[in-house]
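The structure under discussion appears below in the form of structure tokens.
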Amino acid sequence: MAQTQGVGLTYRYLRVGIISMVLALFAALALQISADRASAGPGEEWWLASISTYFYTPVQNVLVGVTVVVGLCLIAIKGRDGGEDVLLNVAGMMAFLTGVVPTPLRPDACAGEPYCLEVPERVANNVGALLIAGLAVLVLATWPRRGDLVHRDGWDLWGTWAIWVAVAGSHLAWPAAFLGWAHYVGAVLLFLCLIAVAWVNGRDAAVTSGPDERTRGLSTGSYRRTYRIIAAAMLAVLAAGLVAHFGFQASGRLLPPQALFTVEALLLLLFAVFWVLQTIEFWEIGLPAKARGR
């Protein structure tokens, strides 16, 4: 039981760290929106079209910092053996990508603004640094399991290496195109992984492994139902956002103002609710039973 308590404390800090980072991002956005509204003249825009676009405002440091910290925490937290652990790792990698590669803007959209200068150079530097660090981590993670590479058990290693190669290859071979689509692809994959993680949690009834372990808050059944509802809601919001984006694009029309901001905010809010509930559920045991013993 003492070992379980130690594990619970470690993962408790990681989970609380993710919650605090999401809260910090919402706070930074609220402060910036309030400041922009107060300083905007008649007819001037004071609320940007998406959360991602706030990369080009004073929110930039918090936005990048939050995505990097959350990505690191997602990778550090163990998921259930196999699928969930891979989903958390991929989500962490995509969080890094969406943080350091901003949503693209027209060249004249923020001319003269300090937060818009030298974006290609910064992306090349930051993505290059993450790829080098990621390569070192992958080598360290693969070496003890190198024997798994020739067996079915190594599918997660092959998948992770494939993602690294895809990002590195596209970044080096097509840097201009990479700037244009990497943020969007990373964001969609990030939320798809988080949706799948919520769904996995909604299907696992064997969270504890013995009579000495207990979860907090709701009953196991209530947690499972709530996680499935959150996963379904996140998927519906993401699907609606994608359909609206491509539908308006195909028709040659612009999305309604702040439509993308609303989609992103709802996804982040639903993720935050899921993570708060999971933090309470695993407050003492740290990890579900299927994520331990590896």
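How do the pairs read when you match residues in segment 174-196 that are touching a residue at least 12 places away in the same chain (Cβ under 8 Å) and surrounded by fewer than 17 Cβ atoms within 10 Å (Cβ to Cβ) with residues anywhere that are outside any helix (DSSP H, G or I) and among the β-branched types (Val, Ile, Thr), using Cβ under 9 Å and keeping only pairs 6 or more apart or on different chains?
Tyr184/Thr103
Conditions: (1) part of a helix (DSSP H, G or I); (2) surrounded by fewer than 22 Cβ atoms within 10 Å (Cβ to Cβ). Pro58 meets all but one. Number of the miss?
Only one criterion in (1) part of a helix (DSSP H, G or I); (2) surrounded by fewer than 22 Cβ atoms within 10 Å (Cβ to Cβ) is unmet by Pro58, namely (1).
Based on this model, can you work out whether Gln32 counts as among the polar types (S, T, N, Q), assigned to a helix (DSSP H, G or I) and modelled with pLDDT under 90?
So Gln32 does not fit the description; no.
Check whether at least one residue in segment 214-225 is within 15 Å of Leu88 (Cβ to Cβ), modelled with pLDDT of 85 or more and not in a helix (DSSP H, G or I), and report yes or no.
no
Could you give me the residue pairs with C-beta distances under 7 Å whose first residue belongs to segment 142-160 and is β-branched (Val, Ile, Thr) and at pLDDT 85 or above, whose second residue is surrounded by 10 or more Cβ atoms within 10 Å (Cβ to Cβ) and part of a helix (DSSP H, G or I) wherever it lies, and which are 6+ apart or on separate chains?
Cβ pairs passing all conditions: Thr142/Leu157; Thr160/Asn89; Thr160/Leu138.
State which residue is modelled with the lowest pLDDT when the search covers only segment 108-121 and only residues that are surrounded by 14 or more Cβ atoms within 10 Å (Cβ to Cβ) and assigned to a helix (DSSP H, G or I).
Once the filter is applied, the top-ranked residue is Tyr115.
Residues of segment 268-294 being touching a residue at least 12 places away in the same chain (Cβ under 8 Å) and at positive phi, which ones?
Gly286
Under 7 Å between Cβ atoms, which residue pairs at least 6 apart in sequence (or on different chains) link something in segment 77-90 that is in a helix (DSSP H, G or I) with a partner that is of a type in the set (Ser, Thr, Tyr) and surrounded by fewer than 22 Cβ atoms within 10 Å (Cβ to Cβ)?
From segment 77-90, the pairs are Asn89/Thr160.
Consider only pairs whose beta carbons are under 9 Å apart and that are at least six residues apart or on different chains; among these, list those whose first residue lies in segment 245-258 and is farther than 19 Å from Thr53 by Cβ and modelled with pLDDT of 85 or more and whose second residue is exposed (fewer than 10 other Cβ atoms within 10 Å of the Cβ) and of a type in the set (D, E, K, R).
Close Cβ pairs satisfying both conditions: Gly247/Arg253.
Quick check on Val185: is it among the hydrophobic types (A, V, I, L, M, F, W, C), more than 30 Å from Trp283 (Cα to Cα) and in a helix (DSSP H, G or I)? Give the steps one after another, and end with the answer.
Details: among the hydrophobic types (A, V, I, L, M, F, W, C): yes; more than 30 Å from Trp283 (Cα to Cα): yes; in a helix (DSSP H, G or I): yes.
Against the criterion (among the hydrophobic types (A, V, I, L, M, F, W, C), more than 30 Å from Trp283 (Cα to Cα) and in a helix (DSSP H, G or I)), Val185 qualifies.
Of all residues in segment 188-213, which are part of a helix (DSSP H, G or I) and touching a helix residue (DSSP H, G or I) at 6+ places or on another chain (Cβ under 6 Å)?
Selection gives Leu189, Leu190, Phe191, Cys193, Leu194, Ile195, Ala196, Val197, Ala198, Trp199, Val200, Asn201.
Has segment 228-249 got any residue that is part of a helix (DSSP H, G or I) and in contact with a Ser or Thr (Cβ under 6 Å, 6 or more places away or on another chain)?
Within segment 228-249, not a single residue is part of a helix (DSSP H, G or I) and in contact with a Ser or Thr (Cβ under 6 Å, 6 or more places away or on another chain).
The values are calculated or read from the model by the stated rules, or taken from the named source; none is laboratory data. Here the structure is a predicted model, which means the values were calculated and not measured. Don't worry about glycine lacking a Cβ; one is built from the backbone with ideal geometry, like all the others, and counts go over all protein chains shown.
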